[in-house]
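The values are calculated or read from the model by the stated rules, or taken from the named source; none is laboratory data. Note that the structure is a prediction, hence the values are computed from the model and not measured. Every residue, glycine among them, receives a Cβ derived from its backbone with ideal geometry; neighbour counts consider all protein chains shown.
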Amino acid sequence: MTALLEARDLVRVYEISRGLWKKPTLVRAVDRVSLSLSAGETLGVVGESGSGKSTLGRMLLGIDPATEGQVVFDGQPMPAMGTTEWRRLRAQMQLVFQDPLAALDRRLSIAEQIGEPLVIHGLATKSEVKERVAELMSAVGLRSDQAGRYPHELSGGQRQRVIIARALATEPRLLVCDEPVSALDVSIQAQVVNLLRDLQEKHGIAMVFISHDLKVVRNITDRVAVMYLGRIVEEASSDVIFTHPQHPYTRALVSSVPVPGRKLEARIILQGEPPNPARRPAGCAFHPRCPVVLPSCRTSAPKLGAVGTGHIAACHLIAQSDAPLVA
Amino acid sequence: MSYVYRSGHMLSFFLSRMLRAAITILLVMTFAFCVLRLSGDPAQILLGPDAPQDAIEAFRERWGLNDPIVVQYWAYLKSLWSLDFGVSMRDKSPALQLVLERIPTTLQLTIPALILKVGIGIPAGVYAALHRQSIADRGVIMMAVFGFTIPSFVVGLLLVLIFSVTLGWLPSGGQDTWMHGILPTLTMSIGGIGILARFSRSAMIEVLGQPYIRTASAKGMSWRDVVWKHALPNASVPIVTIVGFMIGSLIAGAVVVETIFSWPGVGRLLVVSVSNRDLAVVQCLLLVIAGTMVLANLAVDIMYGWLDPRLRSKSAAH
Amino acid sequence: MPFISIRDLRVAFDGTQVLHGVNLDVAKGEALGLVGESGCGKSVTWLAALGLLPGTARVTGSVTLDGQELCGASRSTLEGVRGGRVAMIFQDPSSSLNPVIRVGRQIAETLRIHRGLMGDAARLEAIRLMDMVGIPDARKRSDTYPHELSGGQCQRIMIAMALAGEPDLLIADEPTTALDATIQAQILDLLSAVRAETGMAMVFISHDLGAVSQVCDRICVMYAGRIVEEGRIDATFGNPRHPYTRGLFDAIPRLEGGRERLVPIHGTVPDPRNLSNGCAFSPRCDRATDFCRSNLPVLKPQPDGRFLSCFHPVTGISKSSCTSGQHESAAA
């Protein structure tokens with residue numbers, strides 16, 4: 001099976017200025033991340049603030065340049081941002097943001113904004129654009145009489161539908177959604193999640209779904225990558241991640257989801273804060289918060305290794321327990 | 001990125017500011033130097049239209065005006081380096097002395113005006129913000145708009161018309177008694193009061209809408225304390241910017257008003273020297289003016305750090 | 001007798017009524033959850049009760065605290081209650097702290113107002129409180145500014161500040177919404193621990209039914225400025241009876257659910273400027289009849305002890321089986 005999208009050893013280093021005569025700090029926001037995505041597949045990327053999940057999402061689209069490593073789309077290396085080839089490719093890969101109001105132009109009607117990508121990429125004539133916009137609006141559940149409305153006249157859920165319609169205008173093969181439903185109320189969130197799923201199934205779009213909301217990720221994704229401090233620490237099918245998480249961080253994360261009816265005592269509560277990417281702990285980055293830390297965790301960083309079929313994790317403990325015969 | 005800290009040394013911050021200040025002053029100097037030399041012949045203007053050609057020629061030779069402009073500029077820089085600001089072409093007295101003599105006279109107007117601006121503008125703006133939509137608020141907005149849209153020469157003439165011509169209470173020009181200072185001071189402060197009132201009002205309104213104000217109220221603090229201890233310190237950052245600018249123009253800000261009221265300050269000296277093409281004096285004036293403005297800006301930057309810890313250069317606490 | 005009692009509380013902003021007569025009691029020491037979507041009035045209820053709404057809001061009704069009327073009370077009365085008997089923490093901890101004042105001093109302010117502590121005594125007590133809410137190295141951290149602390153630590157400071165007044169009731173307005181998942185769990189844990197230690201009552205305002213169920217005994221569900229269902233948390237979560245409550249439960253994706261289709265509530269929250277005459281939820285309700293659309297249901301006690309405001313409540317056991325205690329921890 002060939003992958004639609006492949007990321008190979010992606011690294012993104014930011015410079016953080018510390019004043020005029022001090023050397024800037026280098027922060028590895030994304031640190032050697034590899035992943036692959038088949039057509040029509042949904043990959044969830046979860047993690048806390050500072051985990052690098054949003055940076056990774058932008059890198060997959062080429063909006064944020066990779067310091068090292070490579071993104072391969074449809075067998076071809078990603079062209080550099082801003083080039084003609086990149087722009088052409090962007091029509092096939094779209095981004096859906098968290099905050100629909102910030103992503104929309106308040107001076108343009110929603111019909112104009114939905115049709116905009118078609119005009120920019122020169123994909124349709126004027127009459128075709130109009131037709132396509134009407135089609136897209138009905139596909140995302142917007143009424144045709146809302147075409148002339150402006151973003152501020154719509155509700156949050158409707159605005160997110162506009163964003164999705166706009167992203168779909170060019171019939172993309174890949175959608176990167178960065179917290180697409182986090183700003184929405186529960187009842188509306190369900191509408192948008194269903195919509196994304198229906199559209200994906202109908203058009204076979206591959207999707208990278210970045211979110212801190214594990215319940216939504218559980219519901220919409222096939223596979224999940226868990227990120228901690230710029231690295232993937234565990235990746236598996238979403239069933240496995242949520243029923244048999246292996247990495248202690250994933251366990252805590254899954255356990256921290258407040259489930260109606262579940263009491264607090266049943267949860268693993270991690271101590272400490274999500275760490276500062278500018279001060280990555282030595283060894284396994286998770287060791288200062290890990291409830292089952294081993295001495296070796298403080299000195300050497302575990303590598304991602306297979307712990308089951310299609311299931312990888314980076315943890316010394318798993319590596320040990322996986323070799324019981326040797327021990 | 002949630003973990004970006006501004007860090008570095010206070011010293012490096014200070015030095016970079018000083019460097020920028022020096023460059024600003026150098027640019028102002030160079031600009032003034034060139035414009036003055038390209039905009040008319042000092043010899044012609046100072047000696048008059050009927051002066052004989054050889055007198056003009058001799059004058060030019062004496063002040064080095066026949067040299068190429070680059071040579072003149074180099075000579076100027078060299079003399080500045082040895083703190084020689086040149087002498088007036090009119091009466092040969094040192095330019096710096098002429099300028100410094102006038103500064104106290106100008107400050108007699110601008111300092112009381114600044115006190116009025118700050119003392120009336122800020123409280124009026126804060127009061128308006130605390131009583132939004134009230135009659136007082138509307139009044140302050142109206143006065144503020146009036147204050148900063150009407151040019152000071154119109155205000156000055158109006159005041160003269162009312163208090164000198166019609167009522168005859170106050171003198172319309174000169175510098176003989178403290179009574180002479182009243183009208184120019186008022187004229188100068190009205191615009192600034194308007195600007196400060198408007199800025200203080202909007203800064204205060206913005207701050208009062210912040211969540212931490214609600215927190216302060218929610219912990220049972222009296223409204224008075226909420227305003228004084230929580231709102232004002234935060235609102236002061238933008239206000240300080242404006243006040244800093246006003247302090248920077250203490251010396252240069254009175255040109256129009258001094259001219260209207262024949263007040264013999266720095267502004268008058270500037271106008272007279274420019275029209276006489278008294279090169280050294282104008283250059284010296286501009287240098288002093290630019291210097292005070294740059295210093296005031298530097299003071300504002302330092303004040304920022306003092307008022308708002310988020311802007312302070314400080315290494316990460318973690 | 002309830003500790004705090006709200007009767008027929010109504011709030012209007014610029015002529016638009018957003019709260020339509022809320023009745024609510026909180027007993028001493030109990031934990032009440034208040035849930036609903038944005039704009040339903042769950043925060044406004046408590047801001048109004050403490051007189052914290054802007055002057056443009058019109059508030060009527062009655063709020064009594066141990067028999068003392070707060071609605072329309074004098075400034076000094078309200079100031080004595082706020083932060084003293086009733087403390088409040090908010091959604092966005094980083095912007096809820098004053099950016100130009102050291103956090104230790106912000107806690108000390110409450111100590112001065114409500115406990116008369118000054119100087120070193122206040123400083124030491126502030127450090128003790130910071131220690132209590134789990135700030136490591138509290139002595140040093142008390143001299144930092146909010147921007148130097150993480151969101152989770154800022155919320156801990158807010159909680160320390162709330163505890164400083166030794167309140168009988170803490171209003172926690174979406175205290176974990178802006179925080180990361182593992183930090184949310186820490187803060188919920190902290191709130192429970194603090195309550196166990198001090199015995200204070202809590203009103204936990206949230207749109208997160210999961211978080212509410214973890215820390216509360218009783219729940220009120222609000223919709224469009226009214227309470228639509230109220231009851232013990234186990235009973236209500238096990239068998240939600242208002243179609244809106246039920247809809248909220250069904251709309252939440254479930255961790256153990258897999259990739260099943262979600263059941264959203266169709267439509268959107270009504271515009272408070274043009275509410276229908278009938279039940280505000282009727283336009284989105286599958287069970288609504290013409291009667292629902294023209295008549296306003298009132299909150300009535302039910303035989304099972306809960307309160308309900310619906311003409312056609314859901315009967316029977318919910319298929320989404322939100323009963324407590326059934327799920328084993330996914331990580332166990």
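Grab the strands (runs of 3 or more DSSP E) fully contained in region C:1-97, keeping just those with 3 or more residues being under 28 Å from C:L308 (Cα atoms).
Output list reads C:4-13, C:16-26, C:31-35, C:57-65.
State whether one or more residues within region A:4-27 are more than 14 Å from chain B (Cβ to nearest Cβ) and part of a loop (DSSP other than H, G, I, E, B). Spell out how you get there, then give the answer.
Of all residues in region A:4-27, those more than 14 Å from chain B (Cβ to nearest Cβ) come to A:4-11.
Right, trim to part of a loop (DSSP other than H, G, I, E, B) and you get A:4.
Among the residues of region A:4-27, at least one is more than 14 Å from chain B (Cβ to nearest Cβ) and part of a loop (DSSP other than H, G, I, E, B), which makes the answer yes.
With surrounded by fewer than 20 Cβ atoms within 10 Å (Cβ to Cβ), among the aliphatic types (A, V, I, L, M) and at pLDDT below 90 as the only criterion, which of B:L183, B:L158 stands out?
B:L158
Assess whether B:S217 counts as being crowded, with 17+ Cβ neighbours inside 10 Å, among the hydroxyl-bearing types (S, T, Y) and at the interface with chain C (Cβ under 10 Å from one of its Cβ atoms). Talk me through it step by step, then tell me what you get.
Working: crowded, with 17+ Cβ neighbours inside 10 Å: yes; among the hydroxyl-bearing types (S, T, Y): yes; at the interface with chain C (Cβ under 10 Å from one of its Cβ atoms): yes.
When the stated conditions are applied, B:S217 passes them.
Please go through region A:148-187 and pick out each residue that is among the charged types (D, E, K, R) and facing chain C (nearest Cβ under 10 Å).
Our first condition is that a residue be among the charged types (D, E, K, R); within region A:148-187, this holds for A:149, A:153, A:159, A:161, A:166, A:171, A:173, A:178-179, A:185.
Passing the criteria: only A:D185.
Filter region C:76-114 for residues that are of a type in the set (S, T, Y), more than 29 Å from C:S5 (Cβ to Cβ) and at the interface with another protein chain (Cβ under 7 Å from one of its Cβ atoms) and give the result.
C:S95
Among the candidates A:V119, A:V192, single out the residue that is more than 14 Å from every other protein chain (Cβ to nearest Cβ) and either surrounded by fewer than 17 Cβ atoms within 10 Å (Cβ to Cβ) or among the aliphatic types (A, V, I, L, M) (or both).
A:V119
Limited to region C:47-68, what total is found for residues that are more than 14 Å from chain B (Cβ to nearest Cβ), under 17 Å from C:G84 (Cα atoms) and surrounded by 17 or more Cβ atoms within 10 Å (Cβ to Cβ)?
Number of matching residues: 2.
Keeping to region A:244-280, report how many residues are surrounded by fewer than 21 Cβ atoms within 10 Å (Cβ to Cβ), more than 7 Å from chain C (Cβ to nearest Cβ) and in a helix (DSSP H, G or I).
Final tally of qualifying residues: 3.
Among the residues of region B:64-96, which ones are part of a helix (DSSP H, G or I) and either surrounded by 14 or more Cβ atoms within 10 Å (Cβ to Cβ) or within 20 Å of the chain's Cα centre (by Cα) (or both)?
Across region B:64-96, the qualifying residues are B:Q72, B:Y73, B:Y76, B:L80, B:A95, B:L96.
Check every one of the helices (runs of 4 or more DSSP H) wholly within region C:227-313 and list those with 2 or more residues that are in contact (Cβ under 8 Å) with a residue 40 or more places away in the chain and either of a type in the set (F, W, Y) or assigned by TED's automatic domain parsing to the domain that holds C:H20 (or both).
Numbers: elements: C:233-238, C:243-251, C:290-294.
Here the list reads C:243-251.
Being more than 7 Å from chain A (Cβ to nearest Cβ) and within 15 Å of C:Y223 (Cβ to Cβ) is the filter here; which residues of region C:251-268 pass it?
C:H266, C:G267
Does B:G253 count as in a helix (DSSP H, G or I) and among the small types (G, A, S)?
Here the answer is no, as B:G253 does not meet what is asked.
Please specify each residue of region C:165-185 satisfying the condition of being part of a helix (DSSP H, G or I) and in contact with a His (Cβ under 7 Å, 6 or more places away or on another chain).
In the first step, residues of region C:165-185 are kept if they are part of a helix (DSSP H, G or I); the result is C:181-185.
If the condition is that a residue be part of a helix (DSSP H, G or I) and in contact with a His (Cβ under 7 Å, 6 or more places away or on another chain), then C:A181 is the only one that fits.
Of all residues being part of a loop (DSSP other than H, G, I, E, B) and in contact with a helix residue (DSSP H, G or I) (Cβ under 9 Å, 6 or more places away or on another chain) in region A:310-327, which is modelled with the lowest pLDDT? Just the residue, please.
A:A327
Looking only at region B:4-16, count every residue that is surrounded by 14 or more Cβ atoms within 10 Å (Cβ to Cβ), out of contact with any strand residue (DSSP E or B) (no Cβ under 8 Å at 6 or more places or on another chain) and either at the interface with chain A (Cβ under 10 Å from one of its Cβ atoms) or modelled with pLDDT of 80 or more (or both) and tell me the total.
Looking only at that region, the number is 7.
Quick one: would you say B:T177 is among the hydroxyl-bearing types (S, T, Y), farther than 30 Å from C:G165 by Cβ and in contact with a Gly (Cβ under 8 Å, 6 or more places away or on another chain)?
Here the answer is no, as B:T177 does not meet what is asked.
Do we find a residue being within 12 Å of chain B (Cβ to nearest Cβ) and more than 25 Å from A:N276 (Cβ to Cβ) anywhere in region C:144-152?
no
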